[in-house]
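Here is the structure we will look at.
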Amino acid sequence: MKGRPLRRTADIQMPAIILNGKETAAAIKAEVAAKTAQNTRTDRAPCLAVILVGEDPASQVYVRNKKNACAACGFRSAEYLLSADTSEADLLALIADLNADDTVDGILCQLPLPGQIREQAVIDAISPEKDVDGFHPVNAGRLLTGQDCFMPCTPAGVVELLRRAGVPMAGKHCVIVGRSNIVGKPAALLMLRENATVTVCHSRTENLKETVRTGDIVIAAVGRANFITADMIKPGAAVVDVGINRLPEGGLCGDVDFAAASEVAGWISPVPGGVGPMTIAMLMKNTLLAYENRRLLK
């Protein structure tokens, strides 16, 4: 089924192909593990330093998942668990130490941060060569100008999920709903690299439903549960749902009304099990790249 073309007529509506991020991410991590095994025959293992400030339950889950991914890829993970009242100065001092540590290849500071710490100050403090999240202004600038860089993990995971499913991107119209620095804006740049024509929608977009419906590819990253409805989807479009929203009854859902949109879309990613695993897999790819770049400098 992977990447097969959909056959649609006026009378027959085929269900969407599921963009299985869990399976795709497992394949990527296996590839990273194989390369790591080759490298570590003559060198140390790659190392990812993860900093968590406070005890946010969702952040704790993300950090645990990243630790497990490191183990699966043959990496060493170094965890720094800091109290919620940690000062910005103390956090920046820790980052400076990790920047100077030649045994650390990548640094990730889990967001969000407590109110006394400026997120941008932390992002700016991480060395661009260890910025495996791809958030540093240097990497953002390199992405904008088409240079090699660490690509932000979530939008890079979106593109890789589409590519490995055989979804055509070149020449297609990609509509992105959301303009954040973490997903929407870099996703637009990455889709341009794939030779798609890109439209970015946001809270001020007029005729949003009509605009989204023109998309051959729709990337939903607005942070509102079930915001993208079936009547906003072009029949046969590829729909990638980046949203993770917790429902009042405790479950999770994305930004797309999955059940209804599945009857219209050609491809669709679920929540959970779609983009989330891909984000972590791309983090592993970035960490391996940082490690290999540092080996070249020796």
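The values are calculated or read from the model by the stated rules, or taken from the named source; none is laboratory data. Keep in mind the model is a prediction, meaning the values are calculated, not measured. Cβ: placed from backbone, ideal geometry, glycine included. Neighbour counts: every protein chain shown.
What residue, of ASP241, ASP231, is under 25 Å from VAL132 (Cβ atoms) and acidic (Asp, Glu)?
ASP241 is the lone residue from the list that is under 25 Å from VAL132 (Cβ atoms) and acidic (Asp, Glu).
Matching residues to (1) at pLDDT below 95; (2) of a type in the set (A, V, I, L, M); (3) part of a strand (DSSP E or B):
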residue	(1), (2), (3)
THR24	no, no, no
ALA33	no, yes, no
ALA49	no, yes, yes
VAL63	yes, yes, no
ASN68	no, no, no
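Filter segment 137-160 down to the residues that are among the aliphatic types (A, V, I, L, M) and over 22 Å from PHE227 (Cα atoms), then identify the one that is surrounded by the fewest Cβ atoms within 10 Å (Cβ to Cβ).
Here the residue is LEU144.
Out of LEU91, LEU98, which single residue is in contact with a Lys or Arg (Cβ under 8 Å, 6 or more places away or on another chain) and over 24 Å from PRO277 (Cβ atoms)?
LEU98 is the lone residue from the list that is in contact with a Lys or Arg (Cβ under 8 Å, 6 or more places away or on another chain) and over 24 Å from PRO277 (Cβ atoms).
Being free of Cβ contacts under 8 Å to residues at least 40 places away in the same chain and at positive phi narrows it down to one residue among GLY171, GLY223, GLY166; which is it?
GLY171
Out of (1) touching a residue at least 60 places away in the same chain (Cβ under 8 Å); (2) surrounded by fewer than 17 Cβ atoms within 10 Å (Cβ to Cβ), the odd one out for GLU210 is which?
(1)
Conditions: (1) under 30 Å from LYS130 (Cα atoms); (2) β-branched (Val, Ile, Thr); (3) crowded, with 24+ Cβ neighbours inside 10 Å. VAL200 meets all but one. Number of the miss?
It is condition (3) that VAL200 fails.
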